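Chemist: Below is a structure I'd like to ask you about.
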Amino acid sequence: MTAAQTLHAAFVGHVSAALDALEAAGTLPGGLNRAAVTVEPPRDPAHGDLATNAAMVLAKPAGMNPRALAEALVAELARTPGVSAAEIAGPGFINLRVDAAAWLAELRAIAALGTDYGRSALGQGTTVNVEYVSANPTGPMHMGHCRGAVVGDALAALLEFAGHKVIREYYVNDAGGQVDVLARSVHLRYREALGEEVGEIPEGLYPGDYLVPTGHRLATHYGSKFVGAPEGEWLALFRKEAVADMLAMIKDDLGLLGIHHDLFSSEAELQAAGKPEEAEKWLRAHDLVYDGHLEAPKGKTPEDWEPVELPLFRSTKFGDDQDRPIKKSDGSWTYFGADLAYHFQKAQSADALVDIWGADHAGTVKRIKAAVAAMTGAEGKPTPFEVKLVQMVQLLRDGEPVKMSKRSGNFITLADVVREVGKDVVRFTMLTRKPEAQMDFDFAKVVEASKDNPVFYVQYAHARICSTLRKAAAEGFGPGDAALDRLGEEELALVKLAAQFPRLVEAAAVAREPHRIAFFLHDLAAAFHGYWNLGNDRPEKRFIVAQDGELTAARLYLATQIGQLVRNGLGLLGVEAVEEM
């Protein structure tokens, strides 16, 4: 294991080398697919430091008994430098115990790699398009959008860290009826800016005060030109102007969270460019769209249901419950028809697609997955496509639901929340639960300085490390690796936990689950605080032992690398590692 190679990577190599040796000896047939072979910590640390399933997954294709293969593999691995014990568990799992020297080498690897510790080449050569937020451009961002925004942004950072090229995309739904409503709402504010008394905002229009500036801007620019004009003369113009202002507001709001997309794709531009027509033509050429009739909705009888012939996509061929219309009876595109064309377009520039959607869109997942499978799988290998559903967030203040915002009309703006509690608190909190789980965001609890608040707990661990290093420097001590062998089991337990980070990055990237990084940081912080607390009762366990400079240097070196790891993890989440609290 070299200074800049992680222990996980080294042992993946050791297992591979052992399998190569068995092939060379004729014990194992050559050419076996090893893709399912893993090297990872066992669930129970008492079983060892690392475990591999190599014998279990290779025995059947090799025509061998799993335990017999495990015995041969154990004999090879037992000779590997750094392995203090190799044992067979159950029908063929292999548990490995790693000696202290290997863990100290891992500590040096963290120091050598620094900000690159945990970085992977797993996704090298592949491009992943991550589409997230994609809120309708009809107003400011609200907390209903926040969780998906953070999950998507953290996932994009995670995938990049794992070696992928990432395209961060926002799909602007600016072709639907809601944008006409936006234009009419802005027209009302435009008239108001010119002196008209509009009174209470009529039902069906957007009531928020956020449209007032757009109305003033248009009044200043166009004067009274469109006050009494027919809708046909101003609707398209007001749509364009309003969407531009709303997008600028959305980008500003996302900027408060540190979120910046690479690409904003317009649904209106997609339709104007004829992309849905191109998609329909392609689908018809491949017999994936036909003209047919939908079944009557449940509860409707033949007497009160008039079937209409529509172009239907054969989504049942790809696992959906029924075939889906891509156009409405008036000839306009359905949401599905436009989305189908959009996904076909973005699949041209990516090897894999990930969409982050609100849980309220769960009903459309099957059909859009069917469409992507159909349109990208003509040659037998469809573009991998996943939809991650994110549950809503309930806003509370001391356990009570938060009242709505007057400015927004009917929701709490994301900007208001970020300004109150800070970007880091919002981002980390959004990742403290699996995205498919319901979440409460209590303004009081997320800023609470206690171990029950994971945001505080992790940042406090980093601040503690920085404080310790400052104090040590003031007393004439600094980190050093000359006597790392002075570190004992309690200190090595921290290293063993830290060493899981590279493997965790790859696993989280493959699973598309950035919250795993937040969970890991919480565990690492807990372990660090636990070790710190030992020094409260046992002075010899403190990081600074004034009478033992050698041991102090080793422990400060350990603390420095744990701090580096916390920074690396928080960086993936878009959260600052504070130095003082």
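What follows draws every value from the coordinates through simple rules; no lab data is involved. Bear in mind the structure is a predicted one, so any value in this text is a computation, not a measurement. FYI the Cβ positions are ideal-geometry reconstructions off the backbone, even for glycines, and counts take in every protein chain you see.
Chemist: Using DSSP, restrict attention to beta bridges with both residues in the chain and report what percent are antiparallel, rounded to the nearest 5.
Modeler: Details: 22 of 45 bridges.
For the chain, the DSSP antiparallel bridge percentage is about 50.
Chemist: Would you calculate a helix-derived [θ] at 222 nm for the chain, using -39,500 (n - 2.57) for each DSSP H run of n ≥ 4 and dividing by the full residue count, to the nearest 500?
Modeler: Helix-only estimate at 222 nm: -15000 deg cm²/dmol.
Chemist: Mind jotting down the distance between the C-alpha centroids of the range 239-275 and the range 91-154, whole Å?
Modeler: What the calculation gives is 27 Å, centre to centre.
Chemist: Calculate one ³J(HN,Hα) per residue across the range 340-346 by plugging θ = phi - 60° into the Karplus curve 6.51 cos²θ - 1.76 cosθ + 1.60, and present them in order as whole Hz with x for glycine and proline.
Modeler: 4, 5, 4, 5, 4, 5, 6
Chemist: Could you name the lysines in cross-link range of Lys471, using Cα to Cα under 27 Å and dropping any fewer than eight places away on the same chain?
Modeler: Lys451, Lys496, Lys541
Chemist: Another question about this same structure. Quote the relative contact order of the range 283-428 in percent (integer), defining contacts as alpha-carbon pairs under 8 Å separated by 6+ residues.
Modeler: It rounds to 16 percent for the range 283-428.
Chemist: Taking other Cβ within 10 Å of each residue's Cβ, how do Trp282, Trp234 sort, fewest first?
Modeler: Trp282, Trp234
Chemist: Give the lysines whose C-alpha is closer than 19 Å to that of Lys403, dropping any in the same chain fewer than 8 places away, or say none.
Modeler: Excluding near neighbours in sequence, the set is Lys445.
Chemist: Okay, next question. Measure nothing fancy, just the Cα-based angle from helix 454-474's long axis to the longest principal axis of the chain, in degrees from 0 to 90, nearest 10.
Modeler: Around 50 degrees separate the two axes.
Chemist: Could you give the angle, 0 to 90 degrees to the nearest 10, between helix 489-498's Cα long axis and the longest principal axis of the Cα atoms of the chain?
Modeler: So the helix axis and the longest Cα principal axis differ by about 30 degrees.
Chemist: Sticking with this structure for a sec: For the range 59-214, just say rounded, prolate or oblate: build the C-alpha gyration tensor, square-root its eigenvalues into a ≥ b ≥ c, call rounded for a/c under 1.5, and beyond that prolate if a/b exceeds b/c, oblate if not.
Modeler: Cα axes put the range 59-214 in the prolate bin.
Chemist: Additional query: So for the pair Ile88, Lys298, with labels modelled 7 Å out along Cα→Cβ, what separation do we get in nm?
Modeler: In this crude spin-label approximation the distance works out to 5.4 nm.
Chemist: Sequence-distant or interchain residues sharing an amide H contact under 5 Å with Ser84, placed H: which?
Modeler: Arg97, Val98, Asp99
Chemist: Relative contact order of the chain, please, whole-number percent, based on alpha carbon pairs below 8 angstrom and at least 6 residues apart.
Modeler: Working: 942 pairs, mean separation 89.8, N = 581.
Here the relative contact order equals 15 percent.
Chemist: Find out how many positive minus negative residues lie around Leu32, taking Lys and Arg as positive, Asp and Glu as negative, among other residues whose Cβ is under 13 Å from that of Leu32.
Modeler: Within the 13 Å Cβ shell, the charges total 0.
Chemist: What is the distance in Å between the Cα centroid of the range 65-90 and that of the range 441-488?
Modeler: 39
Chemist: Still on this model: Pull up all non-local amide H partners of Asp440: gap of 5 or more, or a different chain, and H-to-H distance under 5 Å with H placed in the peptide plane.
Modeler: Distant-sequence amide H within range of Asp440: Gln394.
Chemist: What's the extension gain from Glu400 to Ala112 if we count 0.36 nm per residue and subtract their Cα-Cα distance?
Modeler: Length difference between fully extended and current span is 98.8 nm.
Chemist: Here's a follow-up. What is the range 1-141 by shape, rounded, prolate or oblate, if you read a ≥ b ≥ c off the alpha carbon gyration tensor as root eigenvalues and call it rounded for a/c under 1.5, prolate for a/b larger than b/c, and oblate otherwise?
Modeler: Note, shape of the range 1-141 comes out prolate.
Chemist: Please give me the summed charge of the neighbours of Asn173: other residues whose Cβ is under 10 Å from its Cβ, Lys and Arg +1, Asp and Glu -1.
Modeler: Summing Lys and Arg as +1 and Asp and Glu as -1 gives -3.
Chemist: I want to check the label-to-label distance for Asp523 and Lys165. Put each point 7 Å from Cα in the C-beta direction and report it in nm to one decimal.
Modeler: 3.4
Chemist: Students often forget the sequence filter, so: which lysines lie under 28 Å Cα-Cα from Lys298 once same-chain residues fewer than 8 apart are removed?
Modeler: By straight Cα distance, Lys298 reaches Lys317, Lys327, Lys328, Lys366, Lys369.
Chemist: Using the Cα gyration tensor of the range 240-279, with a ≥ b ≥ c the square roots of its eigenvalues, what is the shape: rounded (a/c below 1.5), prolate (a/b larger than b/c) or oblate (neither)?
Modeler: Since a/c reaches 1.5 but b/c is at least a/b, the shape of the range 240-279 is classed as oblate.
Chemist: Quick one: angle between helix 501-511 and the longest Cα principal axis of the chain, in degrees between 0 and 90, rounded to 10, please.
Modeler: 30
Chemist: So how far, in whole Å, is the C-alpha centre of the range 496-540 from the one of the range 304-356?
Modeler: Result: 44 Å between the Cα centres.
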